[in-house]
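Each remark here refers to the structure printed beneath this line.
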Amino acid sequence: MSSNFTPASVLDALRSVVPTGSAPLHEPHFQGNEWAYVKECLDTGWVSSVGKFVDRFEHDIAEFTGARYAIAVVNGTAALHICLKLAGVESGDEVVMQSLTFVATANAVSYCDAVPHFVDVEENSLGIDPEALSEHLGNISEFRGDACYNRLTGRRIRALLPMHTFGHPSNLDALLEVAKRFHLEFIEDAAESLGSYYRDRHTGNFGRLAAFSFNGNKIITTGGGGAIVTNDEVLAKLAKHITTTAKLPHRWRFDHDMVGFNYRMPNINAALGCAQIEQLPEFLAAKRQLFAHYREAFSGIEGIRVFGEQEDCRSNYWLQTLLLDNEHASMHSSLLEASNNNGLMTRPAWTPLHRLRPYAECPRMELPVTSSLEKRIINIPSSPQLVAISR
Ligand SMILES: *Cc1c(COP(=O)(O)O)cnc(C)c1O
């Protein structure tokens, strides 16, 4: 049985999953060892730049993602900044990314004095469309020696920076292939995809470096925090060094051998992270179950669907996503209005970055799918505690 698509029927479907009260988009859940570990920091005085929880959290992230090395930093944006820098992104380079992403992806590129180059996404992964990318680069680029240049701007195109939208892995194999063909460095903005796998391999393991975020709204949180992951030992050592003021080890001397950053994650934040990552398997199971509930609730409504993982991928389902059909895109604002008025926090996708003031002049291809998705995506309450978490 299918019912008419109205704000009321959509609200009923949401209410069948979240029956009472108000629900934020994504709330952290602290039911594990958070108090114990944070208390230990306070009791011992190890709250800041040194302490055992940082090492332990780095170990935990590496173990969970299957990456050989993880370096904990102050936030995901800082992690991305250092990933780009260590991948060789330099002043005046262009970095290819989707326009449909959080502003931090582009900001990190700007911190390298480089320029975002926006490309379109595909509807089945919400990530960069490999075919459109390949065609676009074929049209606008040329090789000078080994290096790929944008013929229109004269700038070097240095890197491809895919992002895993709402936790759903991008089409990584195809994107890697394009990056290889055009000699681009491959860096993942994996800020949203802790717990997401592409062909049984955890996201963040496909390029030279990747960035994760543990901001308050992400699948696990350290308050604020991020991590750089890599399988390259030299890059891992450099990442640790440059994010900790580039100080040479010595018992008392202050000797720094390059311009470093104070990007290290404080121990008290890492303590929170250690407690959170212990619960990550339960959070992932809860989010998968929440997706199943939403899918069931919306199965009877024509013209709207709950976005699901692709074949070959296992998504962390970080942010649950409704996707309206084209014919119903005009209902976008009335649905946002009705749900938010009713205590159910829903949000549209980000304003595509090519329309933001600081990025309006950046190079880009035609972005029809980005523009279409912008009018059809609605994120809905996604906290893991919306279903019973078994512990
Ligand atoms: C959250 C996020 C970041 C940045 O992480 P912060 O920890 O907030 O700095 C970067 N990229 C994407 C896609 C994100 O969602």
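The values are calculated or read from the model by the stated rules, or taken from the named source; none is laboratory data. These figures come from a predicted structure and were not determined experimentally. A quick note on method: Cβ atoms are made from the backbone with ideal geometry, for glycine too, and the neighbour counts reach across all protein chains shown. Areas reflect the complete protein model, heavy atoms only, side chains present, ligands, DNA and RNA absent. Shrake-Rupley method; radii C 1.70, N 1.55, O 1.52, S 1.80 Å.
Key figures for this structure:
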quantity	calculated
Filter result (of a type in the set (A, V, I, L, M) and within 16 Å of the ligand (Cβ to nearest atom)) within segment 43-83	I61, A70, I71, A72, V73, V74, A78, A79, L80, I82
Some residue of segment 108-119 being under 19 Å from W318 (Cβ atoms) and within 16 Å of the ligand (Cβ to nearest atom)	no
Number of the condition not met by N205 [criteria: (1) more than 14 Å from the ligand (Cβ to nearest atom); (2) assigned to a loop (DSSP other than H, G, I, E, B); (3) open to solvent by 20 Å² or more (accessible area, probe 1.4 Å)]	(3)
Selected residue (criterion: nearest to E177 (Cα to Cα)) from residues of segment 113-163 that are among the aromatic types (F, W, Y) and in contact (Cβ under 8 Å) with a residue 24 or more places away in the chain	F143
Residue within segment 281-295 that is in the same structural domain as Y197 (by TED's automatic domain parsing) and among the basic types (K, R) present	no
Test: residue in segment 144-159 that is within 16 Å of the ligand (Cβ to nearest atom), in contact with a strand residue (DSSP E or B) (Cβ under 8 Å, 6 or more places away or on another chain) and hydroxyl-bearing (S, T, Y)	no
Every residue from segment 246-289 that is open to solvent by 40 Å² or more (accessible area, probe 1.4 Å), farther than 16 Å from N75 by Cα and either among the β-branched types (V, I, T) or part of a loop (DSSP other than H, G, I, E, B) (or both)	L248, P249, H250, R251, W252, R253, F254, D255, D257, M258, V259
Any hit, segment 247-258, residues being touching a helix residue (DSSP H, G or I) at 6+ places or on another chain (Cβ under 6 Å) and either in the same structural domain as A210 (by TED's automatic domain parsing) or of a type in the set (K, R) (or both)	no
Residue ID - farthest from the chain's Cα centre (by Cα), chosen from residues in segment 15-46 that are of a type in the set (A, V, I, L, M) and loosely packed, with under 14 Cβ neighbours inside 10 Å	L42
Unmet criterion (only one of (1) part of a loop (DSSP other than H, G, I, E, B); (2) in contact with a Ser or Thr (Cβ under 9 Å, 6 or more places away or on another chain); (3) under 27 Å from G66 (Cα atoms)) for F212	(1)
Identity of the residue in segment 170-202, within 16 Å of the ligand (Cβ to nearest atom) and among the aliphatic types (A, V, I, L, M), that ends up nearest to A159 (Cα to Cα)	I187
Subset of segment 234-245 [within 15 Å of A70 (Cβ to Cβ) and open to solvent by 90 Å² or more (accessible area, probe 1.4 Å)]	K237
Answer from G145, G223 - the residue that is within 30 Å of N33 (Cα to Cα), open to solvent by 10 Å² or more (accessible area, probe 1.4 Å) and in the same structural domain as C112 (by TED's automatic domain parsing)	G223
Subset of segment 108-117 [in a helix (DSSP H, G or I) and open to solvent by less than 10 Å² (accessible area, probe 1.4 Å)]	A108, V109
Those residues of segment 118-137 which are open to solvent by 10 Å² or more (accessible area, probe 1.4 Å) and not acidic (D, E), in sequence order	N124, P130, A132, S134, H136
Subset of segment 120-143 that is aliphatic (A, V, I, L, M) and within 16 Å of the ligand (Cβ to nearest atom) - its residue that is farthest from the chain's Cα centre (by Cα)	V121
Test set (1) within 30 Å of Y149 (Cβ to Cβ); (2) in contact with a Leu (Cβ under 7 Å, 6 or more places away or on another chain); (3) free of Cβ contacts under 8 Å to residues at least 24 places away in the same chain - R357 fails condition number	(2)
Subset of segment 47-75 [part of a loop (DSSP other than H, G, I, E, B) and crowded, with 19+ Cβ neighbours inside 10 Å]	G51, A67, V74, N75
Matching residues in segment 78-96 - criterion: being crowded, with 24+ Cβ neighbours inside 10 Å, touching a strand residue (DSSP E or B) at 6+ places or on another chain (Cβ under 7 Å) and assigned to a helix (DSSP H, G or I)	A78, A79, L80, I82, C83, L84
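For every residue, the table says whether it meets (1) open to solvent by 10 Å² or more (accessible area, probe 1.4 Å); (2) more than 14 Å from C362 (Cβ to Cβ); (3) part of a loop (DSSP other than H, G, I, E, B).
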site	(1), (2), (3)
A106	no, no, no
Y149	yes, yes, no
F166	no, yes, no
D173	yes, yes, no
K180	yes, yes, no
I187	no, yes, no
E192	yes, yes, yes
